[in-house]
Structures are given as C-alpha cells and as structure tokens.
Amino acid sequence: MDSTTETSTNGRPRRFIKRPDDSAFNKEIEELKSEIKKLDLSANEVSAQLQKVVTEPALAERRKELQVQLRELITKQNAIKGERNAIMDQIKAVDVVIKRKLSEIQTQTSKHNFKSVGEIDKRIAHLDSLVEAGDLKLAEEKRYVMEMSQLRKVRKDFGAVEKTQESIDADKAKVAELKKKLSQVQNREIQAQFEKIQAELDELNKKNQGVSEKRNELFKKRNQLRKSKDEKWDRIRKLNADKSAEFAKFKQEMEEEKKKRAEEDRLHREEEKRRKRKENAEKQLADASVPAFTAEISAIHNLLSYFDPSYVKPQPKPVVAGPAKSETVGTPTTIRKVEMPADLVVVKKEQEEFFAGSKGKKSKGKKAKSKNFTVDPEVIVSLGDLAIPLPTKSEDVPETIATLKETLTALEGKQDEQTKINIERAKERIAKLEAEETEEETSS
C-alpha cells in the first residue's frame, strides 16, 4: 500500500494513505472468470462426447444378463459355503467330545496294566485254573485268590470304560457320516458355471475395450478440466482474501492516521491557546507598563494646544515598555475610559445654548453672545471622554483651559502610583493564567 507525505494547513507534514488499487485485482478476476467459462464449455463438450461413446445395446444387454447370472451363482456359492462351514463346525464339535472321552478312559486305565475287560477275564481264568489244579502252595493260592478278587473289582470299573468306549464309537460313526455329507456338498458345478460366464464376460469386455478406453480417456479429460476449474476458483478466493486483508490494513492505517491527526490538532490547538495566552499576558503586561493616563494626558496636551496656541507641549518621558502613541487634534483617536483620581475635582459650568460661530471680539457695553464660535468634532469627543464641560462661546475657553490644567496636574500626580497598580494587576492575571495552564496540562 503506497503512502505519501502532504503538508497540513498548520504546516506540519502528514501522511497521505493511498486507497488500494482495485484495477489489477478486477482485471485478474475477470480473466479468471472468463477462463472458468471456457473450462465449463470444454467440460460440457466432453460430457456430450461421453453420451455418444456407449457400448452396443445387444452387447450391453448380454453383459447385463451375464452379470445377473454371476450374482446368482455367487449367492449359491455363499449358501454352499455356509452349509459346509456348518458341517465342519459339527465335525469339530464331535471331535472335541471324542477327545474328552478318550482322556477320561486314559485316566481310568492308566492305573492298571489292562487295556480291556477281555484281558482281565483272561487273567482271572488263568489264575482260577491254577487254583483248581491244587498244585499251589498255600501262600501262592491265597495270593492268587486275593488277586482274582481285586481283578473282579477292576473289571467292574472297566465296565464304565466300555460304555464310554461305545459312546466314542458312536461319535466316530457320526463324524464319518458328517464327512460323507460334507463330500456331497460341493460347488464344482457352480464353479464351472461361474468360470464359463466369467470367460464370456471377458470376451465381451475385450470387444468393448475400445469403447471403455475412449470413455476412460474422456472421464480423465473431464476430471482434469474440473481440477483446473477448482484451481481457478481457489485463485479467486485467495485474491478476494488478499483484497479484504489489504483493505482492512488500509482502514486500520486510515484510522490510526485519523487518530494521529486528531491528536496533532489537539496539541496544536493547545499550543496555539498557550501562545495566545502568552501574547495576551505579554500585551497586558506591556499595556500595564505604559504610564497610567498616558492617552488622557496626551489628549489634554492636544486640547491645551488647541484652545491655547501659545501652549508648548512638553517632551514625553521615555517609556520602557514602549512609547505611547502621540495624538493630535483633528485625528480621530480611541480614548479608553478614564479612571480619574478619587481626589480630582472637575469644575463643571452650566452650558449655554451652543450655536455655530467663530472666535471674535466681545461687544462693548453689554453682555452679548459671541457669534461664529465653533469647536471641532474631535475636540468635542475628547472633552466628553474627559468629562470636561464643552465651551459654548469664546468666553468659556479660559475656564476650559484651567479645568484641563487641573485635570492634567491631578493625573500626573497619580500616574506612577496607578502605573504600579496596573502592573501588579497584570502580573496577577498572568500568574492566574499560568496556573490554569499548568492544571490543564496535568489533567490532560
């Protein structure tokens, strides 16, 4: 995002933040959308070709029939397989029983040397014949009789073994029957049919191989077009995301610059306010340092010069804060309100009717009003500001001059004291303004 520097109205440099340029973005988006339209047209053409590249109806129908037959054979094979598994499970279960019974017989016969009842009977018959012959010694005969007695007891135990053996023989016969049944449950014919149908299907697929290859090629081409289209859309989404991020950054920088400018303006206003306060304070102090009643005293000198052409205006005293502006009668001046000393007494005389005239000689033998006595408008204003009565005729001029001199003496007598008072008041106002400024800076 580009940014340049510009100068504000107050002379401080400011950063100009350029809005993101959308032209390149819009151009690329339009190009991508145009490419997507072309890809859609190509994909539609491929789909149309796929509809045309199809298997011959007769071949497709035959393949469909063969596939149905294959599914039926697979179902039968699964049924046969299930039946064989059931028979084999039965055989396994009977074998487990036979092994258990054989283990029981083994446990019972392991204590003796005989394997069957026949062997016991044979031994008993042999011993009995020896006893019957009478050739034995008494000890041998007793031993043989005792052995025959024990053998007869063993024979009883072997009776239970015989029943177990009979049960084992029955189980073995059952196993033989199940195996015979298992050999009868075969799927050779079904397997032969399956292989025959599969061979025919393979032959049909060979005939249809060209169509399949063409369709696979078209499918591959269409998938590639769709992939390219997805890539274009991914690019559009990325561009939109980048644009949003760039615009968000622009807004953030604009907001930061706005805050920065607001802060600069605030500081500038405060600085300007302090500057004006300082100038005002300096002006107040300068004004207060000018000797009091300077303007009024100057106005009185001008009035005295006006009414008494022989009056010589004294040279003004040098003023540290700056010379007071000289004023001449006939030049409009703005005189501030006079703060007369408390002990100043102004002699006011009742004014007679004022009429236009000029200075002239008094009439002899009677008191008559002077003719053509006139006073300049600026003089009238100056006398009014000093609260001194306006002379209406030439005879009033001496009294006016006397009043002006009395006023001048009074003002000059109070000038230094009033000047000190004015300076102290100005300093107090300056101190108050500085305290207010310090408080504002602390609070901000």
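When the residues of the stretch 399-411 are filtered to those that are over 13 Å from residue 299 (Cα atoms) and of a type in the set (D, E, K, R), the one that is nearest to the chain's Cα centre (by Cα) is 406.
Comparison of 260, 227, 232 shows that the only residue that is of a type outside the set (Phe, Trp, Tyr) and either more than 22 Å from residue 43 (Cα to Cα) or touching a strand residue (DSSP E or B) at 6+ places or on another chain (Cβ under 6 Å) (or both) is 260.
The single condition from (1) under 30 Å from residue 93 (Cβ atoms); (2) hydroxyl-bearing (Ser, Thr, Tyr); (3) open to solvent by 50 Å² or more (accessible area, probe 1.4 Å) that residue 149 fails is (1).
Identify, from the list 30, 45, the residue that is open to solvent by 80 Å² or more (accessible area, probe 1.4 Å), within 60 Å of the chain's Cα centre (by Cα), farther than 30 Å from residue 243 by Cα and not aromatic (Phe, Trp, Tyr). Residue meeting the stated conditions: 45.
Of the residues making up the stretch 263-288, those that are touching an Asp or Glu at 6+ places or on another chain (Cβ under 9 Å), more than 13 Å from residue 429 (Cβ to Cβ) and open to solvent by less than 80 Å² (accessible area, probe 1.4 Å) are 270, 274.
Per-residue answers, yes or no, for (1) within 60 Å of the chain's Cα centre (by Cα); (2) within 30 Å of residue 74 (Cβ to Cβ); (3) modelled with pLDDT under 75; (4) not in a helix (DSSP H, G or I):
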position	(1), (2), (3), (4)
123	no, no, no, no
144	no, no, no, no
186	no, yes, yes, yes
190	no, yes, no, no
195	no, yes, no, no
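Among residues of the stretch 200-213 that are modelled with pLDDT of 75 or more, those with a Cβ under 9 angstrom from a residue that is polar (S, T, N, Q) and open to solvent by 70 Å² or more (accessible area, probe 1.4 Å), sequence gap 6+ or separate chain, pair up as 201/67.
The set of residues in the stretch 243-262 that are open to solvent by less than 90 Å² (accessible area, probe 1.4 Å) and either among the β-branched types (Val, Ile, Thr) or in contact (Cβ under 8 Å) with a residue 12 or more places away in the chain (or both) comprises 243, 246, 247, 250, 253, 254, 257, 261.
Checking each residue of the stretch 424-439 against the condition of being surrounded by 14 or more Cβ atoms within 10 Å (Cβ to Cβ) and more than 60 Å from the chain's Cα centre (by Cα) gives no match.
Somewhere in the stretch 378-387, is a residue modelled with pLDDT under 90, assigned to a loop (DSSP other than H, G, I, E, B) and either of a type in the set (Lys, Arg) or more than 23 Å from residue 310 (Cβ to Cβ) (or both)? No, the conditions are met nowhere in the stretch 378-387. Taking each residue of the stretch 49-74 that is in a helix (DSSP H, G or I) and looking for partners that are open to solvent by 80 Å² or more (accessible area, probe 1.4 Å) and modelled with pLDDT of 75 or more with beta-carbon atoms closer than 8 Å, six or more apart or interchain, yields 69/193; 73/193.
The values are calculated or read from the model by the stated rules, or taken from the named source; none is laboratory data. Given the structure is predicted, the values throughout are model-derived calculations rather than measurements. Methodologically, a virtual Cβ is constructed for each residue, glycine included, from the backbone with ideal geometry; neighbour enumeration extends over all protein chains shown. Protein only, heavy atoms only, side chains kept; ligands, DNA and RNA dropped before computing areas. Shrake-Rupley method; radii C 1.70, N 1.55, O 1.52, S 1.80 Å.
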